[in-house]
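Everything on this sheet refers to the single structure shown next.
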Protein chains: 2
Amino acid sequence: MKQQVADRMRGISAFYVMELLQRAKQLEREGRDVIHMEIGEPDFPTPQAVIDAGRALLKTGEVKYTAAAGLPELREAIAEHYVRQYGVKVDPGRVFITPGASGAFLLAFGISLNPGEQVMMADPCYPCNDNFVRLFNGQTHFVNVGADTEYQLTADLIAQNWRPNSKGVLAASPSNPTGTLLNGADLKYAIDQVHRLGGCFYSDEIYHGLIYDQPAATALAHGDDAFVINSFSKFFGMTGWRVGWLVVPDDFVEAAEKLAQNIFISTPTHSQHAALASFTEDNLAELERRRLEFKARRDFLYTNLLKLGFKIACKPEGAFYIYADCSAFTDNSFAFAGELLEREGVAVTPGRDFGKYRADKHIRFAYTASIDRMAEALTRLERFICR
Amino acid sequence: MKQQVADRMRGISAFYVMELLQRAKQLEREGRDVIHMEIGEPDFPTPQAVIDAGRALLKTGEVKYTAAAGLPELREAIAEHYVRQYGVKVDPGRVFITPGASGAFLLAFGISLNPGEQVMMADPCYPCNDNFVRLFNGQTHFVNVGADTEYQLTADLIAQNWRPNSKGVLAASPSNPTGTLLNGADLKYAIDQVHRLGGCFYSDEIYHGLIYDQPAATALAHGDDAFVINSFSKFFGMTGWRVGWLVVPDDFVEAAEKLAQNIFISTPTHSQHAALASFTEDNLAELERRRLEFKARRDFLYTNLLKLGFKIACKPEGAFYIYADCSAFTDNSFAFAGELLEREGVAVTPGRDFGKYRADKHIRFAYTASIDRMAEALTRLERFICR
């Protein structure tokens, strides 16, 4: 007998984009110029106010554990953020600071999901979501979605796909990879449907703030029973700091407290203190400038991808992704992405990283590069598809 | 139907010491002087070289995600540390940087443990260990240990307690709460036994470096098939930074890579860069001074607890804990700890945080306070037990 890898790992795959990224870095080492539109990370540095707050904390030398649920003042600052941003009152006692949204997902599923239970998700969606469910020996029930529902689950889809072993529904708004929203009445109907069925609604709101045409709604606006996952990574520009949060329903507060003690001890202390500086007026103004830059990039990339013959079923309203149908050029987007990198030095993410449904006809472009760089990428892309 | 907490949470308890800590803080707010000997955190600040490295990285503003497995240069530095410290060669490709030892445990059990499988552990041991197993719906098989085996599992105990659904054995050396070692031939026999039985050996080495009388052995000295959990928190003085590591057997490298991508994305970037500064000669000299201070504290506390009438079955050789038998004074160490805090403002951890076996007769003292403060604590303790 031999020590063996756990069964769950058979169902957990590496991201295809990681292979691409490795290859991109190798090409760069060989002197090639690569334009990175594959990575889900803002290209801006962390805002100066946040950097300064982190450095000030480090200067004290006192980087000790915090309470497992996080710094009380940060939990309160997040609760105030919900009032200011959405007009929604949230008890800070329901806000748990986590090591990134990754930690928030760990905590959310750890306290709620039993082995064998199902979580419903849209296909396409972010690949980690399924893998968190698999980590706890749950099952993901993927529901194919398209332009007719703006790539989102609806109350009807939820009802049709609910099973005896369904535990809940995970919705991401804005969605990665499509950038579409579940908003307004649709969000309320979806939440109400899940709660009527007795399940948990997990709302992935990690791209909130990066929304361009209409205000985003939080699940917290529709009662106190949703799980809300958010993060300082994307809008607040703090990816490498690893600090996010989870809001849980009252009935899960005690469980979240216990599990956080055990699996995190606490979230990085310097990152928590730095995150506190995110909510100053000056910093919020800086983040607004960045949001407008992302919006200009979206408009530029959207317009030009359409011109080149990509189809984009729904104009993305948030995050920094465009999920483009490349079936005019290929029926194998994975090979397409690989060749595009090799021949033209443009890195994008193939659809298969986000699911199975029409994945081979789609490419995800991240507009985490400047408009100048994207213009160059578009020139190369045009040459590539006209080859 | 109502959304419900996952079944696993019924078996996961909060730490009793957390209630005590809350109460201690309340007493302090009321103006009482509390001597903290309950907390598993060094009282020294993070070393200056590490602080400086963290601040230098922050100054760049570039706190982006790293590779999921960690900064290549940090993985290499840890591999070199094994050569320098233990004369053991480890492939850096087997070293995964994690958010603290907590992350290392998540990763180790996530890639190896199936629901329903058992992990064997000593009682007493660190309470999180059992809870990590429960998180993945595994079962902990506790084996009562005492002074006859220096509170450690032995090859014989492992064989006697092995079951058809046993997955492996977790050993901690130095142990929390007892400070005892599994060392030399005993370590080799235990590892060989587990591998002969076809299981996984999980070696918790997070207190390595804080060892006072003999060199500590790493499981890595006895082949490439053990899982080794370590951390920058304790010896290196970086608790709040959340950076640790896991060494996995070759057969688990691919799984560890995949799971780390999914559940961490990466370990805090600034913490990883800061940790790199741990291995400079000057910093290691500073850590040696701290080690000698801990040793002096251990000797002071050990001698004086014996004088007061506590029994200490094995003189602790590492970590910063003394697990003292208080049965001369009480058969309810939980109540004893509570009253000691209320009456004398001395905070210690009751045995029941570490298991069931003779837990009510034991108290854990952490010597994370200065000798002066401990002298005052001993005065109060004497008054308390002579009341």
query: With respect to A:Phe252, is the statement that it is at pLDDT 95 or above and outside any loop (DSSP other than H, G, I, E, B) true?
result: yes
- prompt: How about region A:26-40: which of its residues are over 24 Å from A:Leu301 (Cα atoms) and part of a loop (DSSP other than H, G, I, E, B)?
  reply: A:Glu30, A:Gly31
message: If I filter region B:123-133 for residues that are closer than 30 Å to A:Leu21 by Cβ, in a helix (DSSP H, G or I) and either assigned by TED's automatic domain parsing to the domain that holds B:Val169 or of a type outside the set (A, V, I, L, M) (or both), do I get at least one hit?
response: no
- request: For A:Lys188, indicate whether it is under 22 Å from the mean Cα position of the chain (by Cα), among the charged types (D, E, K, R) and within 14 Å of another protein chain (Cβ to nearest Cβ).
  value: no
statement: Filtering region B:134-157 down to residues that are within 14 Å of chain A (Cβ to nearest Cβ) and assigned to a loop (DSSP other than H, G, I, E, B) yields B:Phe136, B:Asn137, B:Gly138
message: Exactly one of these conditions fails for A:Ala108: (1) of a type in the set (A, V, I, L, M); (2) under 24 Å from A:Asp325 (Cβ atoms); (3) within 14 Å of another protein chain (Cβ to nearest Cβ). Give me its number.
response: (2)
statement: Note on A:Gly338: of the conditions (1) under 26 Å from A:Glu293 (Cα atoms); (2) assigned to a helix (DSSP H, G or I), unmet is (1)
Members of region B:240-261 found to be of a type outside the set (Gly, Ala, Ser), surrounded by 24 or more Cβ atoms within 10 Å (Cβ to Cβ) and within 7 Å of chain A (Cβ to nearest Cβ), listed by number: B:Trp241, B:Arg242, B:Phe252, B:Leu259
query: If you scan region A:34-54, which residues turn out to be more than 26 Å from A:Asp353 (Cβ to Cβ) and acidic (Asp, Glu)?
result: A:Asp52
message: Just checking, does region A:41-61 include any residue being touching a strand residue (DSSP E or B) at 6+ places or on another chain (Cβ under 9 Å), part of a loop (DSSP other than H, G, I, E, B) and over 30 Å from B:Pro47 (Cβ atoms)?
response: yes
task: Return yes when B:Cys314 is over 25 Å from A:Asn262 (Cα atoms) and out of contact with any His (no Cβ under 9 Å at 6 or more places or on another chain) and no when it is not.
output: yes
query: All but one of (1) within 18 Å of B:Thr154 (Cβ to Cβ); (2) buried (at least 23 other Cβ atoms within 10 Å of the Cβ) hold for B:Val228; which doesn't?
result: (1)
- prompt: A:Pro127 is checked against (1) modelled with pLDDT of 95 or more; (2) under 19 Å from the mean Cα position of the chain (by Cα) and fails just one. What number does that condition carry?
  reply: (1)
message: Considering only residues that are closer than 17 Å to B:Ala226 by Cα, in contact with a helix residue (DSSP H, G or I) (Cβ under 9 Å, 6 or more places away or on another chain) and of a type in the set (Gly, Ala, Ser), which ones fall in region B:104-158?
response: B:Ala108, B:Gly110, B:Ser112, B:Ala155
- line: Taking region A:285-307 and keeping residues buried (at least 18 other Cβ atoms within 10 Å of the Cβ) and free of Cβ contacts under 8 Å to residues at least 60 places away in the same chain leaves A:Tyr302
- request: Could you give me the residue pairs with C-beta distances under 8 Å whose first residue belongs to region B:267-279 and is under 24 Å from A:Thr98 (Cα atoms), whose second residue is hydroxyl-bearing (Ser, Thr, Tyr) and surrounded by fewer than 24 Cβ atoms within 10 Å (Cβ to Cβ) wherever it lies, and which are 6+ apart or on separate chains?
  value: B:Thr267/B:Thr66; B:Thr269/B:Tyr65; B:Thr269/B:Thr66; B:Gln272/B:Thr66
query: If you scan region A:62-76, which residues turn out to be more than 21 Å from A:Asp204 (Cβ to Cβ) and either surrounded by fewer than 24 Cβ atoms within 10 Å (Cβ to Cβ) or out of contact with any Phe, Trp or Tyr (no Cβ under 8 Å at 6 or more places or on another chain) (or both)?
result: A:Glu62, A:Lys64, A:Tyr65, A:Thr66, A:Ala67, A:Ala68, A:Leu71, A:Pro72, A:Glu73, A:Glu76
- prompt: How many of the residues in region A:5-61 are loosely packed, with under 14 Cβ neighbours inside 10 Å, within 8 Å of chain B (Cβ to nearest Cβ) and closer than 18 Å to B:Lys64 by Cβ?
  reply: 1
task: Kindly indicate whether B:Arg84 is within 8 Å of another protein chain (Cβ to nearest Cβ), basic (Lys, Arg), within 21 Å of B:Ala277 (Cα to Cα) and not in a loop (DSSP other than H, G, I, E, B).
output: no
query: Consider B:Phe201 against the criteria (1) surrounded by fewer than 24 Cβ atoms within 10 Å (Cβ to Cβ); (2) within 14 Å of another protein chain (Cβ to nearest Cβ); (3) within 20 Å of the chain's Cα centre (by Cα): it satisfies all of them except one. Which criterion is unmet?
result: (1)
- prompt: Within region A:243-269, which residues are within 25 Å of B:Ala68 (Cβ to Cβ) and out of contact with any Phe, Trp or Tyr (no Cβ under 8 Å at 6 or more places or on another chain)?
  reply: A:Leu259, A:Phe264, A:Thr267
field: Filter result for B:Val34 (in contact with a strand residue (DSSP E or B) (Cβ under 7 Å, 6 or more places away or on another chain) and modelled with pLDDT of 95 or more)
entry: yes
query: Could you list, in sequence order, the residues of region A:159-188 that are among the polar types (S, T, N, Q), within 27 Å of A:Phe235 (Cα to Cα) and modelled with pLDDT of 95 or more?
result: A:Ser173, A:Ser175, A:Asn176, A:Thr178, A:Thr180
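The values are calculated or read from the model by the stated rules, or taken from the named source; none is laboratory data. This is a predicted model, so every value here is computed, not measured. Ideal geometry is used to build each Cβ from the backbone, glycine not excepted, and the neighbour counts take in all protein chains shown.
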